[in-house]
Amino acid sequence: MTSPSTTKAAAAPTASRRRWSAFRQNRLAVLSLLLLAAIVGTCLLASSFSVAAYNRHDLQAARMPPSWSQPLGTDLLGRPMWARCMLGGLISLGVGLAAAAISVVIGTAWGATAALAGGRVDAAMMRLVDIFYGLPYILLVILITMAFGPALTRYFSTTAANVIILFLAIGSVSWLTMARVIRGQVLSLKAQPFVEAARAAGASGPGILWRHMMPNLIGPILVYATLTVPQAILQESFLSFLGIGIQPPLPSWGNLAAQGLAAINNVKSFWWLIVFPCALLSTTLLSLNFIGDGLRDAFDPRSQSRSTPEHVRIRPCSSVD
């Protein structure tokens, strides 16, 4: 015979199912996830062809509009735009994912350490974050380029060195917001009874962080990492647009948009050079932002309580006179 506790446990949905159910209720987030998967899948499937064709010149086919032979047209040097857009998408998405990884690792470690240490250590670490926040972003990128550029070119090619420098430049400032968020979450968790019980049982600071706090930090980390990816892609596009980021002939959505803008004139407009890169860039950014909003709603305890069925919710017992 099944006990009442077992029946309640079977009826109550798990936390992951509740979150997935809350995410599915956001139709815009689900549609964005499917659209992003289509873009990423197309870029990955076409990677072997795009790497071989992205810098293939054909001056006789220069500035060819979209056709059956060239679905996205060709650029000023006759290079196929489909290959350059696909490879540029891989590079832009790679920059965004690398920045998100750097943000998660450094931001989580910095914010958690500051919150657990407390006192003067916390104040000094967060004042350093405030100093980084106050510095101009373009100035930091130029300083990092001047500091690490000559050293990296000794061991890597110029193209690879530019990509690595871009990773370092975007990652050096992308962790600041994550550090503040994690610090606030850890400070709120420090006052919880289960953390005080673990501390009374003799658990160390790192043990409390990894065994007791980290499961509660997965939600905020995942949400803000998802929102960091479009921010990093936009920063890469902006830097490439200014000529600081990915350098030609290696494409990215940012420098493709810059080249397309330069090709527009009043005599004849080569519209496909700017429309397709900007469309892919804007679609990816909007999709990532909507996915981040859906994850934020899914991991929000208030939304989870609203999505929990009435028969599962715990009701307070009525007072007995």
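The values are calculated or read from the model by the stated rules, or taken from the named source; none is laboratory data. Since we're looking at a predicted model, the values are computed, not measured. Cβ placement follows ideal geometry from the backbone for every residue including glycine, while neighbour counts extend to all protein chains displayed.
Run down Leu239, Leu256 and say which single residue is at pLDDT 80 or above and of a type in the set (A, V, I, L, M, F, W, C). Steps first, please.
Values: Leu239 fails: at pLDDT 80 or above.
Among Leu239, Leu256, only Leu256 is at pLDDT 80 or above and of a type in the set (A, V, I, L, M, F, W, C).
Got at least one residue in the range 242-253 being touching a Lys or Arg at 6+ places or on another chain (Cβ under 6 Å), crowded, with 21+ Cβ neighbours inside 10 Å and either at pLDDT 80 or above or not in a helix (DSSP H, G or I) (or both)? Spell out how you get there, then give the answer.
Initial filter on the range 242-253 (touching a Lys or Arg at 6+ places or on another chain (Cβ under 6 Å)): 251.
Among the residues that remain, those that are also crowded, with 21+ Cβ neighbours inside 10 Å are: 251.
Now drop any that are not either at pLDDT 80 or above or not in a helix (DSSP H, G or I) (or both), which leaves 251.
Looking through the range 242-253, at least one residue is touching a Lys or Arg at 6+ places or on another chain (Cβ under 6 Å), crowded, with 21+ Cβ neighbours inside 10 Å and either at pLDDT 80 or above or not in a helix (DSSP H, G or I) (or both).
Residues that are more than 15 Å from Ser252 (Cα to Cα) and either touching a residue at least 60 places away in the same chain (Cβ under 8 Å) or basic (Lys, Arg) (or both) within the range 155-169 comprise Thr158, Ala169, listed in sequence order. Val223 meets each of the listed conditions (1) farther than 30 Å from Ser157 by Cβ; (2) surrounded by fewer than 18 Cβ atoms within 10 Å (Cβ to Cβ) apart from (2).
Restricting the range 123-147 to residues that are in contact with a helix residue (DSSP H, G or I) (Cβ under 7 Å, 6 or more places away or on another chain) and in contact (Cβ under 8 Å) with a residue 60 or more places away in the chain leaves a set whose member that is surrounded by the most Cβ atoms within 10 Å (Cβ to Cβ) is Val141.
Among the residues of the range 149-178, what is the count of those that are farther than 15 Å from Ala98 by Cβ and surrounded by fewer than 18 Cβ atoms within 10 Å (Cβ to Cβ)? Counting residues in the range 149-178 that are farther than 15 Å from Ala98 by Cβ and surrounded by fewer than 18 Cβ atoms within 10 Å (Cβ to Cβ) gives 10. Taking the conditions (1) free of Cβ contacts under 8 Å to residues at least 24 places away in the same chain; (2) in a helix (DSSP H, G or I); (3) closer than 12 Å to Gly88 by Cα in turn, Ser282 satisfies each one other than (3).
Looking only at the range 34-86, which residues are part of a helix (DSSP H, G or I), within 29 Å of Leu97 (Cβ to Cβ), polar (S, T, N, Q) and modelled with pLDDT under 90? Give the steps one after another, and end with the answer.
First, pick out the residues of the range 34-86 that are part of a helix (DSSP H, G or I): 34-45, 47-53, 59-61, 81-86.
Narrowing the set further to residues that are within 29 Å of Leu97 (Cβ to Cβ) leaves 34-45, 47-53, 81-86.
Filter once more, keeping what is polar (S, T, N, Q): 42, 47-48, 50.
Selection gives Ser47, Ser48, Ser50.
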